[in-house]
Structures are given as structure tokens and as C-alpha cells.
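Peer 1: Here it is: the structure, laid out below.
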Amino acid sequence: MIRLTAITRTFHMGDQAVHALNDINLYIGSGEYVSIMGPSGSGKSTLLNIIGLLDRPDSGSYELDNRMIIDLSETEQAQVRREKIGFVFQSFHLVPRLTAAENIELPLILSGIPQKQRQSRVEEALQAFELMQRANHRPAELSGGQRQRVAIARATVMQPSVILADEPTGNLDHQIGSEVMALLEDLHHRGTTLIVVTHDRELGARAHRQIGMRDGKILTDQSNDAV
Amino acid sequence: MTLSDTLQTSFKTVLSYRIRSLLIVLAMALGVAAVVVLTALGDGARNYIINQFSSIGTNLLVVLPGRAETAGSFPGAILGQTPRDLTLADAQLIGRIPQVKRYAPLNVGAAELSAANRLREVTVLGSNTNLIPIRHMQLAQGNFLAQGSENSAQIVLGAKIAQEFFPRSQAIGQRIRLNDSRFLVSGVLAAQGESMGFNTDEIVIIPIHHAQSLFNTTSLFRILIEAKNHSEIESVKHAVLSVLKQSHDGEEDITVITQDAVLATFDRILHTMTLAVAGIAAISLIVAGILIMNVMLIAVTQRTTEIGLLKAIGATSANIRYLFFAEAIWLSAAGAILGFFLGQFGSWMIRIAYPLLPAWSPIWASTAGIAVALATGILASLFPASRAARLDPVNALSKR
């Protein structure tokens, strides 16, 4: 459950103030599938970063799973990111010198989970995303689709309640892109909240709820009754 | 993130940047090796000189005429003149001091030695029978002024002199000439080589009376004294000073040097020198530290997106800081250990090349070298690590 109240975020470019987010109020229930769309500069990525605790709003309040997030210390926020949130990025952001398995293992290492448990969980993730054959390959030896599968495996290995995907198919061709989307949607079917930022209308339309943004404000918020 | 995971993760990182890590480790290692080798040299030189100095006698005191201190009383002092010479009578007075084990008056000069149709200039020591044990010399054959022959015209030849003059025949019993005086060879010194720049193989020793008439003098060059034991060196020194002051009409116009004091001075000087070279070598460790800092700063820039990613998947600032920190510790520890062994190897090579020089690096130097390497490595990583930890994840991730 995500509840944003009166969120503002302003950037200063020189002496000009840019209102990336301007009084945003938003509620996203557990297990929802939401797409956030809008042209570049509309504030959709900033919104995602604030939901993902990578960025702090200048004002407003943020409640995640009944917990007020803004007042938490840096360390506590890191813990929330570790346990509740999974990120999927357009450019994958895999660590180039680590193998696929090691990349997936990273969040488990950061959480201080013992080695034995880590191994079995990484193995499960590799199996779930059909990466067993590629476990010991580095990102440079993987195709784009495989890289994004590794990234999704990494985002889900801690079993977070929210997956945040920023243009997850932006660097993939159409067919691989829809395969990746199918994987993400499968996570949603199993109860994870899925929030996808995209400027691709077709992709956005797959979500059950579509939020349209422009100039730091939510313009449209409509639900799809199709599914 | 557990400590062992932090160490393992950073170790993998170090391994994955092979050339970069190798160069840093090498720089660190050379610094530590320089400390080890240079202190081994310095301390080796110290031990070498102290050994040499100890070899010239035990519990040794040397009396020399004149005073090493400035005093206003007699005008000749400025010119280095002494009002009274050291004489044999003085030496006999010293012999009566109870703490004195033995003493040897000494005159030194040069004379022409001729025998068996050969001729050469030699250094002549005039002394008594005690000179040989006091100075830790050894007779290979014969004796010197044995009981009952104190005043006979005997001569002891250095090993090389004996070899040169009597290559095929027995030296003992041969008659030789020093300038115009005739001497009977009574002993030959064992070959000892050089010690303190003084080659005992190329000297001859004659009785003190004969030396004084040969050089036409009544004064002594030195009096060597051996105290009964180490604890009595100081009291012998005071006794000698007071006895000779009395016999010199209340004028304290002699100087007594103890071997201990000279040894201590040498020890101090050479120890300081060792410290100085260690300090110079330590500068290279500081340079290696700066190199580590530079490379770490570049690494932070290179890995900006990676740092952003780690934060996004839940790393705290402390996690990131420790990761960079651990990396620096691995690098400097590897450098320190490699450098230590390189340094030991270098010292070993020096010992092989110069067997006389006991080139062992003192333990304090090796320890300090390793400690300074670790400390500079860790200090150098503080700034890059905190810069990495402070990175804003949004900016870090958006960097392409």
C-alpha cells in the first residue's frame, strides 16, 4: 500500500526552479498494476524515485505499508528499499564484473543473509527466470533480454511487495520487450504491486490503472476494466 | 552486510581490476621493501662497526696526553700543546690502581726494517707484554717479553711482515734491524686482517724502552688499560685521573677515553642514521598512499552507477564506505606483506654479497614499515570512501 499526500519536489537549475512534482496525491493499493505515463520532464521518474526512496520530497508525506517513510533515517530507508522494493531499470544496471548469479545475490549479501541460504535462493531465482545455463556468465556475455531477466531476478530475490520498473523495455526490441513485460506481469499475478514508468502508450495500456502526468501534476488516472 | 561478506566482495573487486591492483600493490611493496632493505643496511653497518670496535679489546680504557676540555689556565692549550708528557712512571702508577687488571704503555712510530737482504718501512709499536692480550691480538708462534726477558731486544712481527721477510724459513730466532738497532725475532702475530682501519699484519712490536730510544723520546703516545671487569670501568677512569693529576702537580692534563663511551657514541650515531634512512624510505610509502587515494577516487567515478545501484537495492552509506575501505586494506596489506618479503630477500642478497655486513633489518623497522603501509592505505581511502558513500543515488544512476 502506497499513500502519497501533497508531495512536492523542486529542482534548481541555475536560478530557475523546476517543479518536478507539484502537489501530488496518490494512493496505490497492494497488488495493483499501475503504469505512469507522460512526456519526458513530466516528473514520472521523479515520482518513481520518491516511491522507491531514492529521492526525498521537499514536502508532503509518504506512507508505505502503514509506515510513515519520510521521517526514517538513511539507514532505515535503506532497509526498506532492501526488503520492500525491487527496482528494474531501462539500462539494467548490472555490475559488469560479476556473473549473473553474483548480480542476483547482491541484495541477499547486503541483507546479511548467510551464504547457504543465499545459494538456494539464487538458484531458485535462476530457475524461475530460466537463467540456469547463464548463471556463470558476465553481463557482457548476455543478450539484452537475458540481462533484463537477471535484473528482474535481482529485483525479486528479496520478495519485495513493490516492483518499480523505469522504462523496463526501453533498450529491448518489441518481442523481447513483451516477454520481459510478461515476466513482470506474472509477478503482479502473484500479488506484487507493479508500477511501470513508460512513455510507450501500448505498454502503458497493459496496466490495469494508467496515470498520465504532465509538468509535475497528475492529469489523468483511469482504471481499465478489461482484466 | 556482514564483515566477511564485505571483505569477500571487496576482495573480488580487487581481483577483477587486476592491473590496477597489481600496480598499487607493487608501489606499496617497493616502499615497504625500501624501508626493510635500507634499515637492514643501516643496522648492519652499526653492528659491523660495533663488532669491530669490540674486537679491539674488552673493558678497555685509553689514556692520552692533553685535555679534551677547554680550560683557561695554561697558554699552550690553545695550540694543542700539553704541559707534561705521559711517561712510563705514569704508566707504573696506573699499574698500582687495584681495579686495573693490566696496562700497556704504547709508543707508535715508523722505522726501516731490514733483514735477509730485504728492506721496508714498517709501523712500530713499542709496548710491554700486556699489549697483546689487551688488544686481543694473538701470537701464531713464539712469545713476547716472556718472564725474565723484559729488557731484551725482542721483536714480534706481523704475519705479513714475517711472510715477506722469511718466506721459506722459520722467522723466530732470526736477527733483524730496525733503523740501526738489532732485534731478535721472538714471535709472530697470527694473521688478523684489518680492524678499525689498522692492519695488525703489517706492524712490528718491540719493548717500550727500545721504542723510546729508537724514536728518541721519553713520552708515551697512549696508555692502554684493561679494567678487571665491566662495572669498574668508571672507577678506573676516576682513579687514573686522580692519580695522574697528583703526579702532574695537580694539573689535570690527560684525557681518559673508555671504549664503552666511544661504542655508545657510535651506536647512537649509527642508530640515528638508520632512523633517518627509514624515514626517507617511509616517504615512498606516503607516495604509495597518495597513489592509492588517486586510484580510489578514479574508481569511485568509474563505479558511480554501480554505487547508485547498490544504494537502490538497499546498501546503506556505511556499506558503501566499508566496501571501499576494505578494498584499500586488501591492497595495502598485500603490498605490505609482499614488500616485507621483498625486503627480506633484498637483505639476504646483501648478506650474500657482503658477508662481513650483518644486514638484518631490525624488527622495529619491519613492523613500522608494515604499519605505516597499512595506515597510509587506510587513511588514503577515507576520503574516496566517504565520497562514494555520499553519492546521491538518483544522480549516480542517471550517469551514463
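The values are calculated or read from the model by the stated rules, or taken from the named source; none is laboratory data. Since we're looking at a predicted model, the values are computed, not measured. In this analysis, Cβ positions are derived from the backbone assuming ideal geometry, glycine residues included, and neighbour counts consider all displayed protein chains. Note: areas computed on protein heavy atoms with side chains; ligands, DNA, RNA excluded. Shrake-Rupley method; radii C 1.70, N 1.55, O 1.52, S 1.80 Å.
Peer 1: Run the reach check for A:K44 against lysines, Cα to Cα strictly under 22 Å, same-chain hits fewer than 8 apart removed. What comes back?
Peer 2: A:K84, A:K217, B:K311, B:K399
Peer 1: Sequence gap of 8 or more, or different chains, plus Cα separation below 15 Å: how many lysine pairs satisfy both in segment B:84-252? Provide the component values of the computation, followed by the final result.
Peer 2: Working: B:K101/B:K228; B:K101/B:K237; B:K228/B:K237; B:K237/B:K245.
Step by step, the pairs that qualify in segment B:84-252 add up to 4.
Peer 1: Sticking with this one: Efficiency by 1/(1 + (r/R0)^6): what FRET value for B:R268 and B:Q141, r their Cβ-Cβ distance, R0 = 35 Å, to the nearest 0.05?
Peer 2: Values: r = 41 Å, r/R0 = 1.17.
Step by step, r from the Cβ atoms, then E = 0.30.
Peer 1: Once B and A are treated as a pair rather than alone, how much accessible area drops out, both sides summed, in Å² to 100, probe 1.4 Å? Don't skip to the end; give the middle numbers.
Peer 2: Working: alone 20240 and 11500 Å², together 29590 Å².
Using a 1.4 Å probe on protein heavy atoms, the buried area is about 2200 Å².
Peer 1: For segment A:74-178, just list the percent of Cα-Cα distances falling in each 5 Å bin from zero outward, please.
Peer 2: Cα pair-distance distribution for segment A:74-178, in percent: 2, 13, 24, 25, 21, 10, 4, 1.
Peer 1: Which value in deg cm²/dmol, rounded to the nearest 500, describes the helix-derived mean residue ellipticity at 222 nm for chain B, given -39,500 (n - 2.57) per DSSP H run of n ≥ 4 and division by the residue count?
Peer 2: Rounded to the nearest 500, it is -18500 deg cm²/dmol.
Peer 1: With all distinct Cα pairs included, what does the Kirkwood hydrodynamic radius of chain B come out to in Å, to one decimal, could you say?
Peer 2: Details: mean 1/r = 0.0377 Å⁻¹.
Hydrodynamic radius (Kirkwood, Cα pairs) of chain B is 26.5 Å.
Peer 1: Another one. Which angle from 0 to 90°, rounded to the nearest 10, does the C-alpha axis of helix A:144-156 make with the longest principal axis of chain A?
Peer 2: Value to nearest ten degrees: 80.
Peer 1: If you line up the long axis of helix A:100-110 against the longest principal axis of chain A, both from Cα atoms, how many degrees apart are they, to the nearest 10?
Peer 2: Helix A:100-110 sits roughly 60 degrees off the main axis of chain A.
Peer 1: What helices does chain B have that are whole DSSP H segments, at least 18 Å long along their own axis by Cα, and with mean Kyte-Doolittle hydropathy of 1.0 or more?
Peer 2: Details: long enough: B:3-16 (20 Å, 0.21); B:18-55 (53 Å, 1.16); B:233-247 (21 Å, 0.41); B:259-302 (64 Å, 1.56); B:317-353 (53 Å, 1.07); B:363-390 (41 Å, 1.14).
Membrane-span-like by this rule: B:18-55, B:259-302, B:317-353, B:363-390.
Peer 1: Return, for the Cα atoms of the protein assembly as shown, the radius of gyration and Dmax in Å, separated by a comma.
Peer 2: 44.4, 136
Peer 1: With all protein chains present, calculate the accessible area of B:T129 using a 1.4 Å probe and round the result to the nearest 10 Å².
Peer 2: For B:T129, the solvent-accessible surface is approximately 60 Å².
Peer 1: Now, a different point. Using a 7 Å offset from the Cα along the Cα-to-Cβ direction at both B:D249 and B:E234, what is the distance between the two label points in nm, to one decimal?
Peer 2: Each label point lies 7 Å from its Cα, and together they span 3.4 nm.
Peer 1: Something else about it: With a Förster radius of 22 Å, plug the Cβ-Cβ distance of A:R209 and A:S61 into 1/(1 + (r/R0)^6) and report the FRET value to the nearest 0.05.
Peer 2: Values: r = 22 Å, r/R0 = 0.98.
For A:R209 and A:S61, the calculated efficiency is 0.55.
Peer 1: Something else now. In bins 10 Å wide, starting from 0, what share of all Cα pairs of segment B:90-220 does each bin hold, as a percent?
Peer 2: Calculated over all Cα pairs of segment B:90-220, the distribution is 13, 47, 33, 7, 1 percent.
Peer 1: From the protein chains alone at 1.4 Å, what is the descending order of accessible area for B:W348, B:W330, B:W360, largest first?
Peer 2: Greatest to least solvent exposure: B:W360, B:W348, B:W330.
Peer 1: Follow-up question, since we're still on this one. With n ≥ 4 as the cut-off for DSSP H runs, can you work out [θ] at 222 nm for chain A, using -39500 (n - 2.57) per run divided by the number of residues, rounded to the nearest 500?
Peer 2: Working: 7 runs with 78 residues, N = 227.
After summing the helix terms and dividing by residue count, I get -10500 deg cm²/dmol.
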